[in-house]
Amino acid sequence: MKNDITFLIQARLGSTRLAKKVLKKIYTKTLIEGVYKRINHQNTIVLTSINSIDDDLVKFCKNKKMNIHRGDELNVFNRFLDVVKSLKTPYFARITGDNPFVETSNYLKMLQLMKKNKLDRILNVGLPLGSSFEILTKESFIKQSKETIDDFQKEHVTSKYYQNLDTYSCGVYQEDFKEISHLRLTIDEQLDLDLIRNICKKLNKETYEITMNEINNLYKKNKSLFSLNQNIKQKNT
């Protein structure tokens, strides 16, 4: 079952709030490198754009022997579609490159649930903001490409799944981190970056070495540490 999935990491350098954030160093590794290593799966690809602003990201990934694909800058759906069509796996995961603590450790259990219930999409929930990810079937995604793709879906790649629950079968996988589910562990602004760096310093580890249990335990011991970015308003997704 491990070979039934490909992990696709959506990443660009054109952030308006924190420029080139995925190439920012967190501890000793950059954000994008940490996300890639955290997934720790041979079938992992970074998806970026053909815009020249992303040349540095492409160069970085190639130097680190990280798989990378370039596609449409504004039509993110097509950027994914180009890769998904060529996948040899029946499932793929969509992950965003600004989430250093994405919780993928239970992906095999999520796949089991998808197969058992014949789901088109599954999302893990009960986690801090920025720690969830989704798994989708290649078949259902390609099917959507034959339908009308509006501007919202071009940017928000998987929106049609949860907007059309009568057509697409969606489910959730419940994680057990309710106590810290209110925390913000994504990186959009400098305060977000500062918090993630502080967590790594406290634990003396890279992002990809830190488990969700360790974050949970750190929160219990030092709640004030996590207050740094709690007033940041999350952008619409």
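The values are calculated or read from the model by the stated rules, or taken from the named source; none is laboratory data. Since we're looking at a predicted model, the values are computed, not measured. Counting neighbours? That spans all protein chains shown, and the Cβs are built from the backbone with ideal geometry, glycine included.
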One residue is enough: does the stretch 6-13 have a residue meeting the conditions touching a Phe, Trp or Tyr at 6+ places or on another chain (Cβ under 8 Å) and in a helix (DSSP H, G or I)?
no
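For the stretch 204-237, what are the residues that are in a helix (DSSP H, G or I) and touching a strand residue (DSSP E or B) at 6+ places or on another chain (Cβ under 9 Å)? Break it down into steps so the answer makes sense when it comes.
Start the filter on the stretch 204-237 by keeping residues that are in a helix (DSSP H, G or I), which leaves 207-209, 212-221, 223-227.
Phe226 - this is the single residue of the stretch 204-237 that is in a helix (DSSP H, G or I) and touching a strand residue (DSSP E or B) at 6+ places or on another chain (Cβ under 9 Å).
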Name the one entry in Thr30, Thr89, Thr44 that is within 13 Å of the chain's Cα centre (by Cα), polar (S, T, N, Q) and modelled with pLDDT of 95 or more.
Thr44
If you take the residues of the stretch 96-141 that are of a type in the set (Lys, Arg) and surrounded by 17 or more Cβ atoms within 10 Å (Cβ to Cβ), which of them is nearest to the chain's Cα centre (by Cα)?
Arg121
Residue pairs within 9 Å by beta carbon, gap of at least six or interchain, first lying in the stretch 169-196 and at negative phi and without any contact (Cβ under 8 Å) to a residue 12 or more places away in the chain, second buried (at least 20 other Cβ atoms within 10 Å of the Cβ) and charged (D, E, K, R), listed first then second, are none
For the stretch 113-124, pairs from a residue that is in contact (Cβ under 8 Å) with a residue 60 or more places away in the chain to a residue that is among the small types (Gly, Ala, Ser), with Cβ under 7 Å and 6 or more apart or across chains, are Leu113/Gly171
Which residue pairs have Cβ atoms closer than 6 Å, lie 6 or more positions apart in sequence or on different chains, and pair a first residue in the stretch 20-38 that is touching a residue at least 40 places away in the same chain (Cβ under 8 Å) and among the aromatic types (Phe, Trp, Tyr) with a second residue that is crowded, with 17+ Cβ neighbours inside 10 Å and part of a helix (DSSP H, G or I)?
Tyr27/Cys200
